[in-house]
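K.L.:
Questions regarding the structure given below will be posed in turn.
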Amino acid sequence: MLVLGIETSCDETSAAVVTGDGRVLSNIVASQVGTHAPFGGVVPELASRRHVQDIIPAIRAALEAAGIGLSAVDGIAVTAGPGLIGALMVGIAVAGAMSWAASIPAVGVNHIRGHLLAVFLRPKFGEEGEAQPPFPFIALVVSGGHTSLFLVRGFGGIELLGKTRDDAAGEALDKGAKILGLGYPGGPEVERCALGFEARPRVRFPRGLGSSASLDFSFSGVKTALAMRVRSSSAPPDGEERDGLCKAYQEAIVDVLVKKAIRACRGHGVRDLVVAGGVASNAHLRREVALQGQKAGIEVRIPPMQFCTDNAAMIAFAGVEKLSRGVNETGSLRAVPTLGIADLADI
Ligand code: KG4
Ligand code: ZN
């Protein structure tokens, strides 16, 4: 089965061709970071306009890089939500039109399902990726919009164990970067500054819900603590001081993510953990979760960087199950910006 994936939920326009067993034949990502950076965050209207410009060239490039024509595609999978309404509608409209015009089945996919199944993607024919996780596994999906823990029993059995009660981890990193006068997106900026600070930071930020038995997260407290600290200093933190704050801030966020993910594994007697989403490209998180996983006898898998941040390959693969069941939503595809986690198993 060859699936064309289309992703336009936020600020990356992406198209990909993936086989039914997760081989990625192409994965084209047109990033809009440069468009939004001057505004310090994603401007929804600008995102929609850029998607309109970039989606057809991205699809053409994905088919060309895969060495196939549209007629070879067996199914189209497009992000239905969650995301920005205008941005989602671009992908939905294009997928619906292509599906109708070329008589190819199309299905809507939950973006979060895409992130948590990205670990099944294999780079290319002939190139072995990491071994795929056995079911059941615990998945920590940690992105700009979501921070959630799932128990994944199978492609159709995904149970939510906990989620953030306020900011997502990536959102907290983005907002923290803004408080410190750093650029957008903030996660990589905080990481870069933290890397420049070798000593132990003198500050220790609060670990929101860190000692609670709940598997929910809370990152608004750590963000407020940073804001208050910056507000109380006579001059905006710079140089070493700023880098130290970044390191302490990143540590506080990563600490809770890792602790709760390991706790979820122990609590459910599961020995495999998957970490996915944009924040999973953070080196400190990757190192820390690998270390703590090893100590706890838990096998940790993280998709390659290119499949952690938003991409259409994960969307294509997330649509495989639905397409294999013969589902076809041509004519009924809908953008659902608030698509819930409860809808995961289905979509
Ligand atoms: O998954 P993603 O690309 O988009 C969403 O679905 O939200 O995640 C984007 C988020 C942003 O908050 C960004 O700051 C964060 O992932 N991020 C990082 C890193 N790279 C991206 N956070 C920390 N360290 C990174 N290296
Ligand atoms: Zn995402």
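K.L.:
Where does the charge balance sit around E251 when Lys and Arg score +1, Asp and Glu -1, over other residues with C-beta under 10 Å from its C-beta?
P.N.:
Details: positive: R200, R204, R207, K247; negative: D255, E288.
Spelling it out: positives minus negatives among the neighbours equals +2.
K.L.:
In addition: When ranked by the protection proxy of mean other Cβ atoms within 10 Å per residue, highest first, what sequence do the peptides 267-273, 300-306 form?
P.N.:
300-306, 267-273
K.L.:
May I have the convex hull volume per residue, in Å³, for the Cα set of the chain? Numbers along the way, then the final one.
P.N.:
On the way: hull volume 43.9 nm³, N = 347.
Per residue, the Cα convex hull of the chain comes to 126 Å³.
K.L.:
For I85, what is the net charge nearby, where nearby means another residue's Cβ is under 13 Å from its Cβ and Lys, Arg count +1, Asp, Glu -1?
P.N.:
Spelling it out: positives minus negatives among the neighbours equals 0.
K.L.:
How do T309, T8, T338 stack up against each other in accessible area, from largest to smallest, with a 1.4 angstrom probe?
P.N.:
Ranked from most to least accessible, the order is T338, T309, T8.
K.L.:
For the chain, just give the cysteines left without a disulfide-compatible partner, judged by no other Cys Cβ under 4.7 Å.
P.N.:
C10, C265, C308
K.L.:
Right, something else. Please give the helix 85-102 orientation as an angle from the longest Cα principal axis of the chain, in degrees from 0 to 90, rounded to the nearest 10.
P.N.:
The angle comes out near 20 degrees.
K.L.:
Taking the Cβ-Cβ separation of R204 and D166 as r and a Förster radius of 22 Å, what is the calculated FRET efficiency to the nearest 0.05? Write down the numbers at each step before the final one.
P.N.:
Numbers: r = 20 Å, r/R0 = 0.93.
For R0 = 22 Å, the calculated efficiency reads 0.60.
K.L.:
Oh, and also: Above 29 Å lies some portion of the pair distances; for region 137-302, what is it as a whole percent of all C-alpha pairs?
P.N.:
17
K.L.:
Still on this structure, I have one more. Beyond 24 Å between alpha-carbons counts as too far, so tell me which of K223/K247; K178/K259; K260/K322; K223/K295 fall in that bin. Display every interim value, and only then the final one.
P.N.:
On the way: K223/K247 13 Å; K178/K259 26 Å; K260/K322 31 Å; K223/K295 30 Å.
Going by Cα-Cα distance, K178/K259; K260/K322; K223/K295 fall outside the 24 Å limit.
K.L.:
Let me ask you something else. Taking the radius of gyration and the Kirkwood hydrodynamic radius from Cα positions alone, what is the Rg/Rh ratio for region 1-136, to two decimal places? The partial results should precede the final answer.
P.N.:
Working: Rg = 15.0 Å, Rh = 15.3 Å.
Rounded to two decimals, Rg over Rh is 0.98.
K.L.:
Testing the spin-label approximation: label points 7 Å from Cα along Cα→Cβ at A283 and S233. State their distance in nm.
P.N.:
It is 2.2 nm.
K.L.:
Let me ask you something else. Using a 7 Å offset from the Cα along the Cα-to-Cβ direction at both S212 and M1, what is the distance between the two label points in nm, to one decimal?
P.N.:
A separation of 3.9 nm, rounded to one decimal place.
K.L.:
At a 10 angstrom cut-off on C-beta neighbours, averaged per residue, how do the peptides 188-196, 47-55 rank from highest to lowest?
P.N.:
47-55, 188-196
K.L.:
For a quick size check, give me the Cα extents of region 79-168 along its three principal axes, largest first, whole Å.
P.N.:
Ordered largest first, region 79-168 gives principal extents of 42, 40, 22 Å.
K.L.:
Can you give me the C-alpha center-to-center distance between region 44-79 and region 280-317, rounded to a whole angstrom?
P.N.:
Using only Cα atoms to place each centre, the spacing works out to 26 Å.
K.L.:
Here's a follow-up. Can you list which of the trypsin sites (Lys or Arg not before Pro) found in region 84-187 are DSSP loop residues with at most 14 other C-beta atoms within 10 Å?
P.N.:
R165
K.L.:
Something else: For the chain, what is the mean residue ellipticity at 222 nm derived from helices alone (per DSSP H run of n ≥ 4: -39500 (n - 2.57); sum divided by total residues; nearest 500 deg cm²/dmol)?
P.N.:
-13000 deg cm²/dmol
The values are calculated or read from the model by the stated rules, or taken from the named source; none is laboratory data. The model shown is predicted, which means the values in this text are computed figures rather than measured ones. FYI the Cβ positions are ideal-geometry reconstructions off the backbone, even for glycines, and counts take in every protein chain you see. Each accessible area value is taken on the protein alone, full model and side chains, heavy atoms only, with ligands, DNA and RNA left out. Shrake-Rupley method; radii C 1.70, N 1.55, O 1.52, S 1.80 Å.
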